[in-house]
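First up is the structure itself, then whatever we jot down about it.
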Amino acid sequence: MTKYSQQKIVPFTPQQLYALVADVGKYPKFLPWCVGARVRSHVNNLMIADLTIGFGPFRESFTSRVTLLPGSGDGPCAIRVEYENGPFKYLHNRWDFAPHGQGCLVDFFVDFEFRNIILQKAIGAVFTEAVHRMVNAFLKRAEAVYGEGA
């Protein structure tokens, strides 16, 4: 089992960050180790998406059920990700975006375990740094798309 959580205050609106994280098809353009993304279906607030991750000699694809919780107006919004199919025993991921005086409070959480013990040990050695880079990649993408802040 591998878990990571991070809270961060950033100078963007909850809606701006929500839109970036919800735009799964663009992940390969900016997200480290994401070498492929495909949205299989998107009906109302439910999306089924395939991601392919690659690091070192490993390349794995998996399917997730993404629940989009857009909130209303300038209020909080969230995204929930649950594993459907692929190399994991399980994967749970959540993003919460809440208004804050300085922009947005981002609350990120991921918990997963690979079926393959070798893969689990390989990612376990670099997991915290890898997830930290991924969260920062979303923030850099926000700067590129929206400028230096909301």
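Tabulated data for the structure shown
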quantity	calculated
Output for the stretch 1-32, where each listed residue is of a type outside the set (Lys, Arg) and within 28 Å of Ile118 (Cα to Cα)	Met1, Thr2, Tyr4, Ser5, Gln6, Val24, Tyr27, Pro28, Phe30, Leu31, Pro32
Residues that are part of a strand (DSSP E or B) and closer than 28 Å to Lys89 by Cα, drawn from the stretch 1-27	Thr2, Lys3, Tyr4, Ser5, Gln6, Gln7
Complete set of residues in the stretch 107-126 that are in contact with a helix residue (DSSP H, G or I) (Cβ under 8 Å, 6 or more places away or on another chain) and either among the acidic types (Asp, Glu) or outside any helix (DSSP H, G or I) (or both)	Phe108, Val110, Glu113, Phe114
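Results for (1) surrounded by 18 or more Cβ atoms within 10 Å (Cβ to Cβ); (2) under 20 Å from Arg133 (Cβ atoms), shown as yes or no for each residue.
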site: Gln6; (1), (2): no, yes
site: Thr13; (1), (2): yes, no
site: Gln16; (1), (2): yes, no
site: Pro32; (1), (2): no, yes
site: Met47; (1), (2): yes, no
site: Lys89; (1), (2): no, no
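Table: residues versus (1) touching a residue at least 24 places away in the same chain (Cβ under 8 Å); (2) more than 19 Å from Leu119 (Cα to Cα); (3) outside any strand (DSSP E or B); (4) not hydroxyl-bearing (Ser, Thr, Tyr).
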{"position": "Arg38", "(1), (2), (3), (4)": "no, yes, no, yes"}
{"position": "Leu51", "(1), (2), (3), (4)": "yes, no, no, yes"}
{"position": "Ser72", "(1), (2), (3), (4)": "no, yes, yes, no"}
{"position": "Gly75", "(1), (2), (3), (4)": "yes, yes, yes, yes"}
{"position": "Ile79", "(1), (2), (3), (4)": "yes, yes, no, yes"}
{"position": "Glu82", "(1), (2), (3), (4)": "no, yes, no, yes"}
{"position": "Lys89", "(1), (2), (3), (4)": "yes, no, no, yes"}
{"position": "Arg94", "(1), (2), (3), (4)": "no, yes, no, yes"}
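Since every read-out is calculated from the coordinates, none of them should be taken as a lab result. For clarity, every value in this text was computed on a predicted model and none was experimentally measured. As a convention, Cβ positions derive from the backbone with ideal geometry for all residues, glycine included, and neighbour counts pool all protein chains shown.
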